[in-house]
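**Student:** Handing you a structure now.
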Amino acid sequence: MGKGNRRKVRADEFDSSDADSVSSTSTALSELTLADETEHVNSLEFVLEKYIDALYEKRGSTRETALSGLVDAFEGHVLATFVENKCITLLHQCINSVKRGSTKENCLASRAIGLLAITVGAGTSAHEIMEESVPQLSRALRSASDALKISVLDCLSVITFVGANDLAETETSLKIMWEVIHPKSVSNVGPLKKPSSAVLAAAISAWSFLLTTISSWRINPDTWKESISFLSTLLEADNRYDRSVRIAAGEAIALFFELGILDMSYNEESGIESFDDEVSKRRTVTYMQSMKAKISGQVYNLSMEAGGKGADKKNLNDQRELFQKFGIFSRYFFFGECPEVSLKISSKRNILRTSTWGQLVQLNFLKHYLGRGFLKHAQENELLHDVFEYIVDKTESLSAKEKKISRSMDKKGRNQQLNKDRRMAQARKQGHLSAQDA
């Protein structure tokens, strides 16, 4: 296993009437012709069972209603126990809905698959979800619907993030998403249509989310030359895409910086894969250093815009938010300031904390993907606890002096962990540790 509000493709965008709360079950049951079983109307498990049964129906509207209810339930609850014995059955029906029916049904089904993976967590079931879904999701990306493409990209990224067992599986999904980001000519067909700004920003964000998982494996810098070069072109002020694309590209490039690929030197390999010979190493290092210089200039120019000239007045708040995000990126790029975020997730002072750029990308993506359900999953879903630093804030009841001492100790602990991570990265670079030791 291994943001933000840039895009919002959720079930309730297609028809808000189809995404009522699971607690309000009477309407859903009526649409599923189950009104006669009112004695079970308040049973969530009973309703969920009927939603699964409804996925076998021939009528598309019935399947859509069931998928809406399932998506809503997966968002609002951590249904790990419920899906324990129903995971594969539910997966197969959702895959069938990705293949057929309306665009709305396809989108709902792909979202349900992603939420199912997050619910079951890393393990055998999540890996099976990934293996069985990727081929169909890849085909669904050929759709003309931007909404479906975005939903599928998000799903593909999530199921691979949770279910992939090795770098090869991760790279397969990264390649599928990259073909959307940077489509190439196909023999006897001609050039593929370039994606819209909405699809491109979504694709880069999903791709970046998955890219955060590769740091535990050895990295061949030559593999990423094309990606870095193309993403740098999206930072240009005169490119045809809107600013959300440029922000997504900047965030992706920051990951390469954190991985050490854009900060290579002749003296060390920064934990990346060994080169075949000295000539190859010097050629790659020279290229990466030139790209870093180019990107530095682009970052500076973009940061100077500060949401001014060219900003869409109708979406001024969105523009401000985008440039706040870009400000975080630029400070990280120029000064190496790792963005530390502490997110309070309950009245019991439970906190999710990030201390690296990759964790921030993961946090923002999962907040976007889970939507209104993020808080519930942050509180109860063990997957999120494994991904982020999950702690209980014990300082709220302390005196000012005690709080100061406690924070000092926390900082000392984080510094010790960072030093340990650096030592392990250095050992991996020298071949003393395998990826599993990390």
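The values are calculated or read from the model by the stated rules, or taken from the named source; none is laboratory data. Predicted model only: the values in this text are computed from it and were never measured. Quick reminder, even Gly has a Cβ in these numbers, built from the backbone with ideal geometry, and neighbours come from all protein chains shown.
**Student:** Considering only the stretch 53-77, state which residues are of a type in the set (A, V, I, L, M, F, W, C) and within 21 Å of Ser151 (Cα to Cα).
**Tutor:** Residues satisfying the conditions are Leu55, Ala66, Leu67, Leu70, Val71, Ala73, Phe74.
**Student:** Okay, moving on. Can you tell me how many residues within the stretch 52-79 are farther than 19 Å from Arg372 by Cβ and in a helix (DSSP H, G or I)? Lay out the reasoning, then the answer.
**Tutor:** Residues of the stretch 52-79 farther than 19 Å from Arg372 by Cβ: 52-66.
In the following step, the residues that additionally are in a helix (DSSP H, G or I) were identified as 52-54, 60-66.
Within the stretch 52-79, residues that are farther than 19 Å from Arg372 by Cβ and in a helix (DSSP H, G or I) number 10.
**Student:** Residues that are crowded, with 18+ Cβ neighbours inside 10 Å and either under 16 Å from the mean Cα position of the chain (by Cα) or modelled with pLDDT under 65 (or both): does the stretch 339-355 have at least one?
**Tutor:** Within the stretch 339-355 (the criterion being crowded, with 18+ Cβ neighbours inside 10 Å and either under 16 Å from the mean Cα position of the chain (by Cα) or modelled with pLDDT under 65 (or both)), the answer is yes, since at least one residue qualifies.
**Student:** Can we say Leu79 is surrounded by fewer than 22 Cβ atoms within 10 Å (Cβ to Cβ), modelled with pLDDT of 90 or more and at negative phi?
**Tutor:** yes
Per-residue answers, yes or no, for (1) in a loop (DSSP other than H, G, I, E, B); (2) modelled with pLDDT of 95 or more; (3) farther than 19 Å from Leu384 by Cβ; (4) of a type outside the set (Lys, Arg):
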residue	(1), (2), (3), (4)
Glu45	no, no, yes, yes
Glu49	no, no, yes, yes
Cys107	no, yes, yes, yes
Ile113	no, yes, no, yes
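**Student:** Of a type outside the set (Val, Ile, Thr) and surrounded by fewer than 20 Cβ atoms within 10 Å (Cβ to Cβ): which single residue out of Lys193, Lys149 fits that description?
**Tutor:** Lys193
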